[in-house]
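First the structure, in the form of structure tokens, and then the observations on it.
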């Protein structure tokens, strides 16, 4: 469908056109350059004076015969028609794959966006955005997809945002949107083990953990007297698996005055600023969430 005609100054990166049909910001377009190559573009800005609607467009480019994304070498010609991009052209140009971690639909289109799992687990990945834009939600979706694909993961979750992966979503306000995305409520409880100090299984410490290593876990640097006491407590527990609570109990038995400062430091490991510390592990996946 033709959306309008290019007008005004153009370049290989940008152009403008007068709209002849209804358009929206971020809509994808196709236009042919003077060399006969079709390129993908996206609407960046829309303005109107009440009689005419003008769209400013950013050019994304085209795939060459080797699959590389390129931009045109010559500016687009004024008067060239601008068309709405078809789904398959959008998909092939921006590189949407048919397999991978499904994270949602391309805004405004019925195109499933999938992230290459191999890149997720072998590369450094960051989820960055303003507060309230859905970083935690997206991360949770990625965790679900990794669990579906039996990929091991470890999550340190001090705020308890991801332990709900073990529960099936039953909120009517959210369930009504699921058919649109082709998904159904699902629980991952069968593949999750929850570890924590306030809920779930109690975290077990490695019996070979040295006093020096545990001292590094404490938020503050402890003096030699407390480190010696810590060494003695761990020495008494080394013949079995133990918890942090066991270490605290062992230190409590000491008659040394150094025990009070050490106890305070050890207890700080149990209580975070919000009073909660959660953890979980996906064992059958096996994906770990902490």
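Please build a GNM for the chain, connecting alpha carbons under 10 Å apart, and tell me which residue among 67, 132, 79 fluctuates the most. Evaluated over the chain, the most mobile residue of the options is 132. With neighbours defined as other Cβ atoms within 10 Å of a residue's Cβ, the residues 159, 216, 124 order from fewest to most as 124, 216, 159. Taking 11 Å as the cut-off, the amide N atoms of segment 36-74 that come nearer than this to a point 7 Å along the Cα-to-beta-carbon line of residue 14 belong to 44-45, 56-59.
Cβ-Cβ distance of residue 220 and residue 241, R₀ of 25 Å, FRET efficiency by 1/(1 + (r/R0)^6): the value works out to about 0.40. Shown here: percent of Cα pairs over 25 Å apart, derived from the displayed model; of the candidates [x] 65; [y] 47; [z] 42, it corresponds to [x].
The Stokes-Einstein estimate for segment 204-270, based on a Kirkwood radius over Cα pairs and taken at 25 °C with 0.890 mPa s viscosity, is a diffusion coefficient of 212 µm²/s. For the chain, what is the calculated [θ] at 222 nm in deg cm²/dmol (nearest 500), taking -39500 (n - 2.57) for each run of four or more DSSP H residues and dividing by its residue count? For the chain, the value works out to -7500 deg cm²/dmol. Taking 11 Å as the cut-off, no amide N atom of segment 34-68 comes nearer than this to a point 7 Å along the Cα-to-beta-carbon line of residue 105.
The radius of gyration of the Cα set in segment 14-63, together with its Dmax, comes out at 11.4, 38 angstrom. Assuming a ≥ b ≥ c are the square roots of the Cα gyration tensor eigenvalues, decide whether segment 106-230 counts as rounded (a/c under 1.5), prolate (otherwise, with a/b larger than b/c) or oblate. Because a/c hits 1.5 or more and a/b exceeds b/c, segment 106-230 counts as prolate.
Within 10 Å of each residue's Cβ, count the other Cβ atoms and sort 178, 143 from fewest upward. Write out the running numbers ahead of the final one.
Values: 178 12, 143 22.
Fewest to most other Cβ atoms nearby, the residues stand as 178, 143.
Distance from the Cα centroid of segment 225-261 to that of segment 32-55 is 71 Å (rounded to whole angstrom). Under the shape rule built on the C-alpha gyration tensor, where the axes satisfy a ≥ b ≥ c, segment 2-93 is prolate, since a/c reaches at least 1.5 and a/b is greater than b/c.
Since every read-out is calculated from the coordinates, none of them should be taken as a lab result. These figures come from a predicted structure and were not determined experimentally. Note that we place each Cβ from the backbone using ideal geometry, even for glycine, and neighbour counts take in every protein chain shown.
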